[in-house]
Each structure stands twice: as C-alpha cells, then as structure tokens.
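Down below is the structure, laid out as structure tokens.
The values are calculated or read from the model by the stated rules, or taken from the named source; none is laboratory data. Remember, predicted model here, so these are calculated numbers, not experimental data. Note that each Cβ is placed from the backbone with ideal geometry, even for glycine, and that neighbours are counted across all protein chains shown.
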Amino acid sequence: MYKLIIRSLLLLLLPAIAGAQVERAEETIQHLIDSGKAVGIAVAVVKDNKLVYSQNFGYKELESKTQLSNTDIFRIASISKSFSATAILQLVKARKLKLSDDVSELIGFNVRNPRYPDKVITLEHLLSHRSSINDRQGYFTLDAINPAKNPNADSCYNAYAPGEGYQYCNLNFNMIGTIIEKYSGERFDQYIKKHILDPLGLYGGYCIDSLDASRFATIYEYVNDTIGFRASPGAYAPRSEEIRNYTMGYSTPIFSPTGGMKISAIDLARYMMMHMNYGKSNGKRIIPRKLSQQMQTPLSSKENYGLALHKTTRLIADKELVGHTGSAYGLYSAMFFDPAEKWGIVVISNGCHPSYVNGYNGVIRTVFESIYGAYIKK
C-alpha cells in the first residue's frame with residue numbers, strides 16, 4: 001500500500017517537475033538574451049518523431065525590438081551542406097552519379113592536386129572534406145579552382161594526397177552544388193526545393209529572391225564590447241543581377257550550396273527528423289536508408305565527419321550526437337540528433353557574443369545542455 005501511495009504521488013508530481021525543468025531552462029536561455037550574450041535564439045526539439053517543443057527568445061530585429069517568432073527564417077550557414085549532400089545521394093540513388101566518380105569529369109575542368117596528379121579526387125572526397133582542396137583562393141566562384149580562369153589555382157590544394165587528410169573546405173560544397181545542377185538538369189535552388197523541401201512540406205530555400213523577405217531574421221555580428229551588435233548586410237544580399245546572367249553548371253556558387261539555406265528553426269527540426277529516421281519522414285522517403293546511414297558514418301575517427309554530417313560529444317557531455325553546426329555573418333546554428341534514442345535539438349541564434357566553450361559557441365552549448373536537461377533527460 002505504501003509503495004502504491006508513493007507511486008501515485010510521483011505520477012501526480014511528474015508534470016509539475018517537468019514544467020519546473022522547462023521553466024528553469026527557459027530562464028537560463030532568457031538570461032543569455034538579457035545579459036547581452038545573444039540577440040535572439042530560436043529552439044526546436046523533436047522526440048519520438050514529433051515536434052515536442054519550440055520557443056523563441058529575444059529579437060528578430062534589435063533596433064525595433066521586434067520579437068522572434070516561429071515563422072521567422074534564418075540563413076543557417078554550414079548546416080546547408082547537408083541539403084547539398086542529400087541531393088547528391090538522391091542522384092546516386094537514381095544512378096546518375098557514383099560517389100567514386102572523378103570530380104574532373106563531373107565538373108568539366110581539371111580538378112587534380114598538382115603534387116598528386118595521378119590521384120583522382122572523387123565525389124566522396126568533396127562530401128567528406130578529404131579532397132585535399134582548401135579555400136585559399138576563395139569559394140564564391142568556381143574560377144578560384146578552374147586552371148583556365150585562375151593562374152594561381154594550384155594553391156587551392158594542400159600538401160597531402162586526396163583521401164589522406166582532412167580540411168574543412170567551403171569550395172568543396174560549392175562544387176557539389178554545381179555537379180547537382182549538371183546531372184539533374186535543374187537549377188540548384190530549384191532542385192533542392194522540388195526534391196527535398198516540397199516533399200517534406202518545408203518553407204525555405206537558397207534563392208533569396210524567391211522568399212518572403214519580411215520573414216528574414218536580421219543577422220547581427222558582434223563587433224566589440226564598445227559597439228556591441230551590428231546588423232550584417234551581406235546575409236540576405238539579393239542576387240538578382242547574377243541570376244539574370246546565370247550560366248547553368250557554373251554560376252551555382254551564387255546560391256551558396258555550402259551555406260545559403262534559409263529556413264525556420266521548426267522546419268529545420270522537421271528536416272532533421274528525416275535524417276534521424278535514416279532518410280524518411282512522414283511517410284516520405286527522401287534518400288535510401290543505406291545512403292542515409294553512410295552520411296552519418298565518419299570516414300575518419302579523428303574528425304568524426306561523414307558526408308556533410310558529423311558526430312560530436314561537445315554539446316552535451318557523454319552524449320554522442322549526429323548533425324552539423326553553422327556560423328556566418330554573426331549567426332550561430334546547430335542541428336544535432338540521436339538516431340538511436342529518436343530525439344534531436346535545433347538551436348539558431350541571429351547574433352551571439354563570440355565566446356567559445358569546448359569547440360563551439362558557448363551560447364549554443366548552454367542552450368543544448370538546458371533543453372536536454374528539461375525535455376530529454378526526464
């Protein structure tokens with residue numbers, strides 16, 4: 001009888017305990033805003049294939065004190081790479097590409113490390129940052145690595161052979177976007193919309209001109225302790241003129257396949273559920289299970305990076321999560337999930353104090369720890 005009474009009391013108290021945990025987590029996050037550590041923070045949590053929590057803290061626009069809302073969209077920076085990789089794997093499934101394909105043959109000009117001219121740089125090398133290519137000559141145009149356009153193209157390559165070293169490289173993924181265009185026959189941004197966003201029922205995209213500008217959350221960079229936060233003009237710069245003069249299969253970097261996706265935290269969480277379920281969400285199969293698992297499998301134990309997704313224990317102690325981070329123009333973002341336990345968290349801040357803790361922005365890590373404690377670790 002005593003045990004039954006205790007159990008009944010615990011069942012009655014559980015909702016209150018959970019509510020108190022969430023309240024403490026929200027107070028922690030709000031403190032980050034109030035103390036000037038962040039302009040705005042959007043959070044979305046999925047568990048057991050459901051969106052179980054979403055909340056916005058702080059401001060969409062600092063000057064007018066406009067509050068963030070669920071409909072606001074952000075340029076999510078390097079999490080965008082996973083969309084590009086997903087598209088490539090769709091083309092692999094369609095047998096239009098193979099991960100072992102020679103990038104030179106795919107892209108239409110010579111892509112060879114001059115120190116290792118006989119070593120093929122493959123599609124898999126690009127997707128895993130093991131290509132031996134760097135961003136030394138920039139990455140906003142393919143001219144950077146095209147030997148016919150840039151006499152210094154050889155400096156785009158590192159001293160090690162393709163497949164034998166790792167360096168995170170944005171140019172890799174702007175080349176990936178170009179290959180998607182060449183082998184799908186569709187403009188990069190339109191391919192992503194038609195084959196990934198629309199099937200999942202998500203609003204967003206890479207083409208700024210096709211999106212509702214009133215939904216953009218202003219992105220702020222932290223200048224210094226005197227000036228504080230300042231709006232970054234380049235985050236949503238229109239590319240209308242470049243699009244009018246677009247060359248299919250070469251102009252692709254203007255959409256930034258490496259970092260240009262614009263999407264809300266909630267819709268990013270819904271996209272994350274597709275990867276959490278190995279390529280499928282809401283009855284929609286986006287990529288085959290085997291290829292999705294391959295995306296999440298590190299090709300190097302040192303970097304723990306697979307194909308545009310990587311594993312980390314840096315956000316929550318003793319928890320290995322799969323996902324990606326992003327940072328650009330002052331924005332910080334993180335999308336990480338546990339495919340075994342079926343939960344994941346998305347955090348996006350449109351302006352953070354650039355303090356780093358254990359390898360990533362301290363604000364992002366604090367939010368992950370707080371939300372995990374309140375919503376997952378019950």
Report task. Could you check how many residues of the range 331-358 are assigned to a loop (DSSP other than H, G, I, E, B) and buried (at least 23 other Cβ atoms within 10 Å of the Cβ)? Result -> 2
Report summary line: From the option list SER54, SER69, SER82, single residue qualifying as within 24 Å of the chain's Cα centre (by Cα) and part of a helix (DSSP H, G or I) is SER82
Report task. Scan the range 291-317 residue by residue and report those that are surrounded by fewer than 19 Cβ atoms within 10 Å (Cβ to Cβ) and of a type in the set (Val, Ile, Thr). Result -> THR297, THR313
Query raised in the report: Among the numbered criteria (1) touching a Gly at 6+ places or on another chain (Cβ under 8 Å); (2) in contact (Cβ under 8 Å) with a residue 60 or more places away in the chain, which single criterion is violated by SER327?
Result: (1)
Requested in this report: Enumerate the pairs (first residue in the range 112-139 and in contact (Cβ under 8 Å) with a residue 40 or more places away in the chain and within 21 Å of LEU91 (Cα to Cα); second residue anywhere and part of a loop (DSSP other than H, G, I, E, B) and of a type in the set (D, E, K, R)) with beta-carbon separation below 6 Å, excluding pairs fewer than 6 apart on the same chain, so at least 6 apart or on different chains.
Outcome: LEU123/ASP101
Requested in this report: Among the residues of the range 201-231, count how many are of a type in the set (A, V, I, L, M) and closer than 20 Å to LEU268 by Cβ.
Outcome: 6
Query raised in the report: Quick one: ASN361 ticks every box in (1) crowded, with 21+ Cβ neighbours inside 10 Å; (2) in contact with a helix residue (DSSP H, G or I) (Cβ under 6 Å, 6 or more places away or on another chain); (3) at pLDDT below 95; (4) not small (Gly, Ala, Ser) bar one, so which box is it?
Result: (2)
**Report entry** Candidate set from the range 85-113 (those that are of a type outside the set (A, V, I, L, M, F, W, C) and closer than 13 Å to HIS195 by Cβ); member that is farthest from the chain's Cα centre (by Cα)
**Finding:** LYS96
Report summary line: Within the range 276-290, restricting to residues that are touching a Gly at 6+ places or on another chain (Cβ under 8 Å) and surrounded by 21 or more Cβ atoms within 10 Å (Cβ to Cβ), the one that is nearest to LEU126 (Cα to Cα) is ILE287
